[in-house]
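Undergrad: Here it is, the structure, as structure tokens.
The values are calculated or read from the model by the stated rules, or taken from the named source; none is laboratory data. Only a predicted model underlies this, so the values are computations on that prediction, with no experimental measurement involved. When we count neighbours, we look across all protein chains shown, and the Cβ atoms used for this are built from the backbone with ideal geometry, even at glycine. All accessible areas refer to the heavy atoms of the entire protein, side chains included, with ligands and DNA or RNA removed. Shrake-Rupley method; radii C 1.70, N 1.55, O 1.52, S 1.80 Å.
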Amino acid sequence: MPPRPRAAVLPLVVVFAAGYLAAYLLPTIVGRLGSSPGGLGLSATHAGAVGSALLLSSATAGLTLASRVDCAGPVRLARAGLLLMVAGFALAAATAHVPLVVAGCVIGGFGSGTATAVAAVGIAARPDPHRASVLGLLTTSATAGALYLVLPRLGGGHALPFAAIACAAALVLPAAGRLPSAPDRTGSPRRGAPGRLPHRRSGTVLAGAMLCWSMAQNALWGVSGRIGLDRAGLSEAALGLVFAVALGGGLAGVSAAGALGSRLGRAIPVGVGTAVIACCVAVSASAGGAVPFAAGEVLWNTVYPVVLSYVIGLAASLDGQGRWAVLAGSASNVGVACGPLAGTLLSTHVGYPVMGAVLACALLATAVPLTAVALHSGGRVLLPGAIRRRGGAAAAAVAGAAGAPAGAVPELGGTELVVTAIEVGPPPGDATAPVHDPLPEPAPGPEPLPQPEPLSEPVLHGEQAALVTA
């Protein structure tokens with residue numbers, strides 16, 4: 001008996017959430033590695049470099065395993081990744097020796113990337129990858145938000161965030177055993193030819209844009225804790241509350257994205273959402289008080305997962321086997337990995353306000369290729385009046401009349417289907433054309449009646465002949 005759809009997607013969602021958790025907790029990880037109370041006392045640049053090493057290791061795992069998930073087996077890879085997360089982050093939590101902490105971050109980051117790669121391939125194989133990615137982001141945001149509320153109350157020190165990630169990975173291990181042994185691609189809308197990536201140009205542009213998009217945002221996310229503590233004047237507990245509320249806004253945003261679905265297509269949420277994020281980044285980086293900082297962080301974290309869910313769905317739609325989803329996600333992880341180091345370098349040399357302006361301009365620049373790929377690969381959006389324009393008023397009236405067959409009228413806001421060429425038979429003169437049998441002879445019927453013979457020239461007699469000759 002096949003598993004129910006809801007039960008089948010649950011292991012993917014929890015593995016996805018475990019793999020993404022380290023990136024969501026990056027501000028508190030970098031802050032506690034630095035000069036915060038109980039931290040390791042690293043400088044801001046060195047702490048950002050450790051965070052970058054963690055995320056770069058995660059990105060390396062995704063790039064390495066992009067096309068090997070099916071061969072190695074999702075269950076085996078997911079278990080290996082989660083075990084690496086437990087071992088690596090437990091090592092980082094158990095010691096205060098900086099080289100061992102860095103080694104634990106690298107090992108745990110590789111495990112995070114492995115788990116994320118398995119989940120991304122499974123999500124891409126779902127009939128609706130956007131819905132599955134929304135559920136994964138919801139779970140990640142809820143878990144991270146709860147940890148931001150709890151961790152400040154448990155005390156300082158660098159060990160707590162690492163221990164929390166290790167415990168989360170250990171809790172997800174039983175769910176990894178319920179992953180399908182091979183991804184079910186029967187409902188996948190597009191199936192790429194094995195060995196060859198489809199939509200190479202669109203996928204390459206998407207991956208490059210996601211790298212810059214993620215790096216610009218994570219450059220601010222990596223130093224948001226320092227901005228809140230140094231410029232906004234927040235305590236660590238108040239800063240954790242701001243981050244928890246921001247991730248709660250992310251829950252609301254992801255829920256709205258799930259309810260909205262494909263009604264607006266992908267281009268509008270991606271383009272407009274990225275422009276809104278750019279404004280929030282500029283406001284949050286230049287904030288001099290608690291109110292503008294909190295407003296910028298909450299609105300930013302509300303819009304960010306909405307755009308990310310559509311970008312993940314866009315990458316999944318480029319290849320039904322999930323290779324572009326993994327590659328684009330890994331490119332995003334590379335940007336995420338470079339973000340903390342870039343943020344600390346920019347803030348150290350030019351200050352937070354100028355850093356925010358530079359990052360906002362970079363985000364606006366990445367909005368153009370992301371929107372172009374969404375327009376090129378996602379089709380046009382059906383708006384009111386589209387049926388009338390394409391089929392005439394009579395066709396629209398007939399299709400919308402009562403008793404019309406289901407599906408006669410496309411859902412408004414849905415993506416217009418792409419017209420596909422259909423091969424037809426060869427022309428009649430082609431030698432390969434099939435030879436059709438001649439029409440059968442008509443059945444014999446009754447014999448036709450004899451036709452009267454045509455009249456011959458009349459013969460004139462007597463007076464008639466005399467009149468003619470005269």
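Undergrad: Taking the stated definitions as given, is Ser133 surrounded by 16 or more Cβ atoms within 10 Å (Cβ to Cβ), hydroxyl-bearing (Ser, Thr, Tyr), out of contact with any helix residue (DSSP H, G or I) (no Cβ under 6 Å at 6 or more places or on another chain) and at pLDDT below 80? Quick ask: steps written out before the conclusion?
TA: Details: surrounded by 16 or more Cβ atoms within 10 Å (Cβ to Cβ): yes; hydroxyl-bearing (Ser, Thr, Tyr): yes; out of contact with any helix residue (DSSP H, G or I) (no Cβ under 6 Å at 6 or more places or on another chain): no; at pLDDT below 80: yes.
In short, no.
Undergrad: Listed residues Leu345, Leu241, Leu260, Leu299; which is surrounded by fewer than 24 Cβ atoms within 10 Å (Cβ to Cβ) and closer than 14 Å to Ser133 by Cβ?
TA: Sole residue among the options that is surrounded by fewer than 24 Cβ atoms within 10 Å (Cβ to Cβ) and closer than 14 Å to Ser133 by Cβ: Leu260.
Undergrad: Let me ask something additional. Answer yes or no as to whether Ala87 is outside any helix (DSSP H, G or I), at pLDDT 80 or above and surrounded by fewer than 18 Cβ atoms within 10 Å (Cβ to Cβ).
TA: Against the criterion (outside any helix (DSSP H, G or I), at pLDDT 80 or above and surrounded by fewer than 18 Cβ atoms within 10 Å (Cβ to Cβ)), Ala87 does not qualify.
Undergrad: Mind listing just one residue for me: the one in region 56-73 that is assigned to a helix (DSSP H, G or I), modelled with pLDDT under 85 and open to solvent by 10 Å² or more (accessible area, probe 1.4 Å) and, of those, farthest from Tyr148 (Cα to Cα)? Spell out how you get there, then give the answer.
TA: First pass over region 56-73, keeping only residues assigned to a helix (DSSP H, G or I): 56-64, 69-72.
Imposing the further condition that a residue be modelled with pLDDT under 85 reduces the set to 59, 62-64, 69-72.
When the remaining residues are screened for being open to solvent by 10 Å² or more (accessible area, probe 1.4 Å), the result is 63-64, 70-72.
Details: Leu63: 30, Thr64: 32, Asp70: 36, Cys71: 38, Ala72: 35 Å.
The extreme case among them is Cys71.
Undergrad: Which one of these is at pLDDT 85 or above, open to solvent by 10 Å² or more (accessible area, probe 1.4 Å) and within 26 Å of the chain's Cα centre (by Cα): Ala8, Ala18, Ala22, Ala53?
TA: On the way: Ala8 fails: at pLDDT 85 or above; Ala18 fails: open to solvent by 10 Å² or more (accessible area, probe 1.4 Å); Ala22 fails: open to solvent by 10 Å² or more (accessible area, probe 1.4 Å).
Ala53 is the lone residue from the list that is at pLDDT 85 or above, open to solvent by 10 Å² or more (accessible area, probe 1.4 Å) and within 26 Å of the chain's Cα centre (by Cα).
Undergrad: Residue pairs, Cβ under 7 Å, 6 or more apart or interchain, first in region 336-360 and on the phi < 0 side of the Ramachandran plot, second open to solvent by 10 Å² or more (accessible area, probe 1.4 Å) and charged (D, E, K, R). List them.
TA: Tyr352/Arg231
Undergrad: Is it fair to say Arg263 is over 25 Å from Val118 (Cα atoms) and either out of contact with any Leu (no Cβ under 8 Å at 6 or more places or on another chain) or touching a residue at least 40 places away in the same chain (Cβ under 8 Å) (or both)?
TA: Taking the combined requirement at face value, the residue satisfies it.
Undergrad: Before we move on, is Leu42 open to solvent by 20 Å² or more (accessible area, probe 1.4 Å) and either without any contact (Cβ under 8 Å) to a residue 40 or more places away in the chain or outside any helix (DSSP H, G or I) (or both)? Working first, answer last.
TA: Numbers: open to solvent by 20 Å² or more (accessible area, probe 1.4 Å): yes; either without any contact (Cβ under 8 Å) to a residue 40 or more places away in the chain or outside any helix (DSSP H, G or I) (or both): yes.
Here the answer is yes, as Leu42 does meet what is asked.
Undergrad: Against the conditions (1) buried (at least 22 other Cβ atoms within 10 Å of the Cβ); (2) at pLDDT 90 or above; (3) farther than 23 Å from Val245 by Cα, where does Ile107 fall short? Just the number, please.
TA: Single failed check for Ile107: (1).
Undergrad: While we're here: Which members of region 120-158 meet the condition of being free of Cβ contacts under 8 Å to residues at least 12 places away in the same chain and under 11 Å from the mean Cα position of the chain (by Cα)?
TA: Within region 120-158, Asp128 is the sole residue that qualifies.
Undergrad: What number of residues within region 237-276 satisfy the criterion of being part of a helix (DSSP H, G or I), in contact with a Ser or Thr (Cβ under 7 Å, 6 or more places away or on another chain) and under 22 Å from Thr139 (Cα atoms)?
TA: 9
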